1. For Ala58, only one of the following conditions fails: (1) over 26 Å from Gln104 (Cα atoms); (2) free of Cβ contacts under 8 Å to residues at least 24 places away in the same chain. What is its number?
2. Out of all the residues in region 43-57, is one or more within 14 Å of the chain's Cα centre (by Cα) and not basic (Lys, Arg)?
3. Within region 61-75, take every residue that is of a type outside the set (A, V, I, L, M, F, W, C) and within 10 Å of Glu26 (Cβ to Cβ) and give me the one that is surrounded by the most Cβ atoms within 10 Å (Cβ to Cβ).
4. Of the residues Ala20, Ala31, only one is over 24 Å from Ser121 (Cα atoms), of a type in the set (A, V, I, L, M, F, W, C) and either modelled with pLDDT of 85 or more or surrounded by fewer than 18 Cβ atoms within 10 Å (Cβ to Cβ) (or both); which?
5. Could you check region 1-17 and list, in sequence order, the residues that are out of contact with any helix residue (DSSP H, G or I) (no Cβ under 6 Å at 6 or more places or on another chain) and open to solvent by less than 40 Å² (accessible area, probe 1.4 Å)?
Amino acid sequence: EVSRSMVGAYTGKLFREYGAEVVLVEDPTSASEVRRYGPFYAADGDPADSGLHRYLNAGKRGAAIDVHRSEGASVLSRLAQSADLVIHEFIGEEAERLSLTHRQLASARLLYHPGLAHPPSLLCPTAPGSGHAPPRPTVAA
């Protein structure tokens with residue numbers, strides 16, 4: 001799960017509740033939108049203590065990866081190659097640059113499963129906020 005908003009976090013939570021192993025990839029340079037909402041356990045409103053963040057991400061494994069750096073994008077791509085499900089909110093050129101389009105992920109799985117004529121199915125739910133079609137396919141959530 002590479003999400004920045006509640007939509008992606010909630011989608012990951014649902015899959016986790018149904019038994020999936022979910023890895024939450026967070027940008028170490030900026031807090032997720034979900035961390036900005038309370039209730040907060042600490043009186044100072046520390047984003048690390050967001051009750052909503054704890055609720056939506058309970059049971060998920062975590063990784064801090066700066067996907068906007070080439071090294072981070074490479075790590076994310078390798079992680080996604082072995083996944084059965086990739087949840088993200090990136091759109092257009094950003095999704096393409098991070099190799100997170102369904103086409104890119106599906107072709108990478110062929111490399112990850114070289115002995116199989118048809119690698120396991122890949123689910124790639126995305127939540128871009130304004131859809132993939134006009135009038136606003138380039139506006140993120």
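The values are calculated or read from the model by the stated rules, or taken from the named source; none is laboratory data. Bear in mind that the values here come from a model prediction, so they are computed numbers and not experimental data. As a convention, Cβ positions derive from the backbone with ideal geometry for all residues, glycine included, and neighbour counts pool all protein chains shown. Accessible surface is based on the protein model in full, side chains and every heavy atom, while ligands, DNA and RNA are left aside. Shrake-Rupley method; radii C 1.70, N 1.55, O 1.52, S 1.80 Å.
1. Ala58 satisfies all of (1) over 26 Å from Gln104 (Cα atoms); (2) free of Cβ contacts under 8 Å to residues at least 24 places away in the same chain except (2).
2. For region 43-57, residues within 14 Å of the chain's Cα centre (by Cα) and not basic (Lys, Arg): present.
3. Residues of region 61-75 of a type outside the set (A, V, I, L, M, F, W, C): 61-62, 66, 68-72, 74.
Imposing the further condition that a residue be within 10 Å of Glu26 (Cβ to Cβ) reduces the set to 62, 66.
Values: Gly62: 12, Asp66: 17.
Here the residue is Asp66.
4. Numbers: Ala20 fails: over 24 Å from Ser121 (Cα atoms).
Ala31 is the lone residue from the list that is over 24 Å from Ser121 (Cα atoms), of a type in the set (A, V, I, L, M, F, W, C) and either modelled with pLDDT of 85 or more or surrounded by fewer than 18 Cβ atoms within 10 Å (Cβ to Cβ) (or both).
5. Hits for region 1-17 are Val2, Gly8, Thr11, Gly12.
Conditions (1) farther than 19 Å from Leu14 by Cβ; (2) modelled with pLDDT of 65 or more; (3) of a type outside the set (Ser, Thr, Tyr), marked per residue:
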| residue | (1), (2), (3) |
| --- | --- |
| Gly62 | no, yes, yes |
| Gln81 | yes, yes, yes |
| Glu94 | yes, yes, yes |
| Arg97 | yes, yes, yes |
| Ala106 | yes, yes, yes |
| Ala140 | yes, no, yes |
